[in-house]
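This report concerns only the one structure given below.
The values are calculated or read from the model by the stated rules, or taken from the named source; none is laboratory data. Keep in mind it's a predicted model, so treat the numbers as computed, not measured. Neighbour counts run over all protein chains shown; Cβ positions are idealised from the backbone, glycine included. Ligands, DNA and RNA are excluded from the accessible area calculation, which covers all protein heavy atoms including side chains. Shrake-Rupley method; radii C 1.70, N 1.55, O 1.52, S 1.80 Å.
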Amino acid sequence: MTAEDGQLEARLAEGEVFEPSDSFVSGANVTDPDVYEEFEENWPECWEAAAELLDWETDYDQVLDDSNPPFFEWFTDGELNASANCLDRHLEDRGDEVAIEWVGEPVDEANRTYTYEQLHREVNEFAAALRAQGVEEDDVVTMYMPMIPELPVAMLACARIGAPHSVVFAGFSADALATRMNAADSEYLVTCDGYYRRGDPLDHLDKANEGLAGVEGETTTVVVDRLGPNDDDFGHDLGDDQLDYDTLVEEHAGADVDPVTRDAEDMLFLMYTSGTTGKPKGVKHTTGGYLSWVSWTSQAVLDIKPEDTYFCSADIGWITGHSYIVYGPLALGTTTMMYEGTPDHPEQDRLWEIVDEYDATQLYTAPTAIRAFMKWGTEFPDRHDLSSLRLLGTVGEPINPRAWKWYYTHIGDEECPVVDTWWQTETGGMMITTLPGLKDMKPGAAGPPLPGVDVRIVDTMGEEVEPGQAGYLTVNKPWPGMLRTLYRNDERFINEYWAEYSDTDSDDPDDWVYFPEDGAKIDEDGYITVLGRVDDVINVSGHRLGTMEIESAIVGVEGVAEAAVVGGNHDIKGEAVYAYVITEDGYEGDDDLRERIIAGVEDAIGPIARPEQVVFTPDLPKTRSGKIMRRLLENIADGEEIGNTSTLRNPEIVDDIQKQVGN
Ligand code: WTA
């Protein structure tokens, strides 16, 4: 960082404020400033506004049933189908409009456009195929696929027949796939032969097969042929219980599958995410509440209109892609883009080339990507006409004011509002962010909570802290998009999210407070700055990883006695994985062990969890009661001043570790 940059960051941190441009405000979806007050006064009925964006087969009786907290139910006894809402209802007026604009890796010119009519057709055919393979309502179907159109097709086909999907990010390892399939007793998998990364083919089926070997029950697998009949297809032969996607769809050509009637509270999907313990959590989302929530936020925050070409650069394997590539945009009948590749291939202007070529109207991406764009320089966006953009968004991690300003200036030309959206896998959709046509923006602060969302920043006793002071983020009222439970584990659901600040013996919904495990502060205007996780979850490039999961992978490596993993600051990634490792007697902390540790982490989780540094140490800093001082290890990783170490059992170790990290 240069001195000039440092000054800019400091000035922005002091609270520079940006007004949305007139050009944006004049056409914005939400412009009535009374919306905040109206929602507050009319809570929970205010959420009918979200439900009204959907087509219901049967009207709901009650907006919110809060008789059994924290098992809140929304739009009770209402009936609908998510696939019908995302497809069928658009056919009459918008059947020929583009639903999905898929941009493949440039390598084989494989771009594809699906109109609503075409997407509807293929979803019906694949839904028929899944049924023919024995998939019944409420069977969990796992998808282990990269960014190819068959992924949303498969998701919507499942939604059509009432089979919840569980999408596993393609970058996760074989082990991670097996763990998730076993946890959900999932007997069906949809995957693909491979895909391209920076022009090179990657073998995906090999990894899927390895994962399947670790799945307990019998399984049926459908394999999409992404690579085609060329030299790059790795010569896979499908096994007995493996079927070719194209063949299946052809066999069911012209099939019509009536969307099954789902109760509002029926599960739409499961998504496994990292938590405090080593075992991923199966977050359960439902049909009515979730779909209402993502539709409403897509409209109010992303300002999506049917005629837009909306571009979210996330991966569908994470919640952002579920909510804001697939369900929200398609429910609103817009054109949603999908990009298979990376932003730096073939050149570092790839995203801008796509925005230019397709006249994208919104771009929703992660701070980590923006920091990389900044580093690459303005010459790349400057090559292209980005004037089609109307709104910019970020998600996944805190955005530093300097990156915010760069995005606002060089991508948005100071005309596009930037929405910094705070939310989680568990919240289903956005919770804290500015409404772009109504609110000023403060770089570094996500903004006020959305209307109808009751967020408070509290101390450890649950008392609200003063503006400017750091505290814990809590949500005091339920919302339609919230997770309903952790799959088959109500007890863990209560312990993880509610126990901290709720009176768990109470039947009074007001005694129940949701704790997302984030630290935050609030300013005098009610703008919230999210400071990051306060549990053992770290955020690497906007990807959520559990330190315990990484630690358990490392201690599984032969020669490792003990390990502690923390997140250290990283210029581009936000956080990076630092692993501190004690070797077993007789093992040397050398390059060989380091490589085996890295391989162990990649095998257990995937390359995204790869440690930035593996530091061998004879001991870990521990309190007298034997607890590892993670905070101190974080300070070391960040090259920060180490405070008082006198409470440590082994203060002498700190110096030693510091020297090795070399910060
Ligand atoms: C972090 C991603 C600051 C936060 C949608 C949260 C953010 C975790 C922001 C959830 C933001 C997400 N500012 N931090 N705008 N958005 N986070 O489940 O720590 O993958 O708890 O959901 O990301 O990550 P998840």
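Is the stretch 275-296 home to any residue that is assigned to a loop (DSSP other than H, G, I, E, B), away from the ligand (no atom under 16 Å from the Cβ), open to solvent by 10 Å² or more (accessible area, probe 1.4 Å) and modelled with pLDDT of 95 or more? Within the stretch 275-296 (the criterion being assigned to a loop (DSSP other than H, G, I, E, B), away from the ligand (no atom under 16 Å from the Cβ), open to solvent by 10 Å² or more (accessible area, probe 1.4 Å) and modelled with pLDDT of 95 or more), the answer is no, since none of the residues qualifies. Going through (1) of a type outside the set (S, T, N, Q); (2) free of Cβ contacts under 8 Å to residues at least 60 places away in the same chain; (3) open to solvent by 10 Å² or more (accessible area, probe 1.4 Å) one by one, VAL135 falls short only on (3). Can you find, within the stretch 411-430, the residue that is farthest from ARG492 (Cα to Cα) among those that are more than 8 Å from the ligand (Cβ to nearest atom) and out of contact with any helix residue (DSSP H, G or I) (no Cβ under 9 Å at 6 or more places or on another chain)? In this case the residue turns out to be ASP413. Residue count for the stretch 160-201, restricted to those that are charged (D, E, K, R) and open to solvent by less than 10 Å² (accessible area, probe 1.4 Å): 1.
Name the residue that is surrounded by the fewest Cβ atoms within 10 Å (Cβ to Cβ), counting only residues in the stretch 563-583 that are over 24 Å from THR394 (Cα atoms) and among the β-branched types (Val, Ile, Thr).
In this case the residue turns out to be ILE582.
Which residues, taken from the stretch 395-410, are touching a helix residue (DSSP H, G or I) at 6+ places or on another chain (Cβ under 7 Å), open to solvent by 30 Å² or more (accessible area, probe 1.4 Å) and without any contact (Cβ under 8 Å) to a residue 40 or more places away in the chain? Answer for the stretch 395-410, where residues must be touching a helix residue (DSSP H, G or I) at 6+ places or on another chain (Cβ under 7 Å), open to solvent by 30 Å² or more (accessible area, probe 1.4 Å) and without any contact (Cβ under 8 Å) to a residue 40 or more places away in the chain: just HIS410.
If only one of VAL98, VAL103 is touching a helix residue (DSSP H, G or I) at 6+ places or on another chain (Cβ under 7 Å), of a type in the set (Val, Ile, Thr) and not assigned by TED's automatic domain parsing to the domain that holds VAL190, which one is it?
Just one listed residue meets the conditions, VAL103.
Is one or more of the residues making up the stretch 82-98 open to solvent by less than 30 Å² (accessible area, probe 1.4 Å) and under 30 Å from ALA499 (Cβ atoms)? So far as the stretch 82-98 goes, no, none of its residues is open to solvent by less than 30 Å² (accessible area, probe 1.4 Å) and under 30 Å from ALA499 (Cβ atoms).
Restricting LEU130, LEU119 to those that are modelled with pLDDT of 95 or more, under 19 Å from GLU250 (Cα atoms), touching a strand residue (DSSP E or B) at 6+ places or on another chain (Cβ under 6 Å) and buried (at least 18 other Cβ atoms within 10 Å of the Cβ) reduces the list to LEU119. Does PHE24 satisfy the condition of being touching a Pro at 6+ places or on another chain (Cβ under 6 Å) and open to solvent by less than 20 Å² (accessible area, probe 1.4 Å)? Criteria met by PHE24.
Looking at this structure, is SER541 under 30 Å from LYS573 (Cβ atoms), buried (at least 19 other Cβ atoms within 10 Å of the Cβ) and hydroxyl-bearing (Ser, Thr, Tyr)? In short, yes. Taken over the stretch 327-367, the residue count meeting the criterion of being part of a loop (DSSP other than H, G, I, E, B) and at negative phi is 15.
The set of residues in the stretch 327-345 being closer than 12 Å to ILE100 by Cβ and buried (at least 24 other Cβ atoms within 10 Å of the Cβ) consists of PRO329, LEU330, THR334, THR335, THR336, MET338.
Condition (residue is assigned to a helix (DSSP H, G or I) and in contact with a Lys or Arg (Cβ under 6 Å, 6 or more places away or on another chain)) applied to the stretch 384-405: is it met by at least one residue? So far as the stretch 384-405 goes, yes, one or more of its residues are assigned to a helix (DSSP H, G or I) and in contact with a Lys or Arg (Cβ under 6 Å, 6 or more places away or on another chain). Within the stretch 593-635, being more than 15 Å from GLU549 (Cα to Cα), touching a residue at least 60 places away in the same chain (Cβ under 8 Å) and assigned to a helix (DSSP H, G or I) holds for ARG630, LEU633, GLU634. Would you pick out the residues in the stretch 636-650 that are open to solvent by less than 50 Å² (accessible area, probe 1.4 Å) and either over 15 Å from HIS570 (Cα atoms) or part of a loop (DSSP other than H, G, I, E, B) (or both)? Matches in the stretch 636-650: ASP638, GLY639, ILE642, THR645, LEU648, ASN650. GLY228 meets all of the listed conditions (1) on the phi > 0 side of the Ramachandran plot; (2) in contact with a Leu (Cβ under 7 Å, 6 or more places away or on another chain) but one, namely (2). Summed over the stretch 346-394, residues that are open to solvent by 60 Å² or more (accessible area, probe 1.4 Å) and small (Gly, Ala, Ser) total 1. One residue alone among TRP74, TRP102, TRP43 is of a type outside the set (D, E, K, R), open to solvent by 50 Å² or more (accessible area, probe 1.4 Å) and outside any helix (DSSP H, G or I), and that residue is TRP43. Applying the condition of being in contact with a helix residue (DSSP H, G or I) (Cβ under 6 Å, 6 or more places away or on another chain) and closer than 15 Å to PRO44 by Cβ to the stretch 54-68 and asking which residue is most open to solvent (accessible area, probe 1.4 Å) yields ASP66. Would it be correct to say that LEU248 is assigned to a strand (DSSP E or B), touching a strand residue (DSSP E or B) at 6+ places or on another chain (Cβ under 9 Å) and surrounded by 17 or more Cβ atoms within 10 Å (Cβ to Cβ)? So LEU248 does not fit the description; no. For the stretch 549-562, the set of residues classified as open to solvent by 10 Å² or more (accessible area, probe 1.4 Å) and either on the phi > 0 side of the Ramachandran plot or more than 16 Å from the ligand (Cβ to nearest atom) (or both) consists of GLU551, SER552, ALA553, VAL555, GLY556, VAL557, GLU558, ALA561, GLU562, listed by residue number. Of all the residues in the stretch 449-468, those that are in a loop (DSSP other than H, G, I, E, B) and away from the ligand (no atom under 13 Å from the Cβ) number 13. Of all residues in the stretch 432-444, exactly one satisfies the criterion of being part of a loop (DSSP other than H, G, I, E, B) and within 9 Å of the ligand (Cβ to nearest atom), namely THR433. Considering the stretch 513-539, the residues that are of a type in the set (Val, Ile, Thr) and at pLDDT below 95 include one that is farthest from the chain's Cα centre (by Cα), namely VAL534.
Can you tell me which residues in the stretch 515-532 are within 9 Å of the ligand (Cβ to nearest atom) and charged (D, E, K, R)? Of everything in the stretch 515-532, those that are within 9 Å of the ligand (Cβ to nearest atom) and charged (D, E, K, R) turn out to be GLU517, ASP518. If you go through the stretch 493-508 and pick out every residue that is open to solvent by less than 30 Å² (accessible area, probe 1.4 Å) and either within 12 Å of the ligand (Cβ to nearest atom) or not in a loop (DSSP other than H, G, I, E, B) (or both), you end up with 3.
Taking first residues from the stretch 478-489 that are more than 22 Å from GLY452 (Cα to Cα) and partners that are open to solvent by 10 Å² or more (accessible area, probe 1.4 Å), the Cβ contacts under 6 Å between residues at least 6 apart in sequence or on separate chains come to LEU486/ARG492; TYR487/LYS284. Please tell me if SER323 is within 13 Å of the ligand (Cβ to nearest atom) and in a helix (DSSP H, G or I). For SER323, the condition - within 13 Å of the ligand (Cβ to nearest atom) and in a helix (DSSP H, G or I) - is met.
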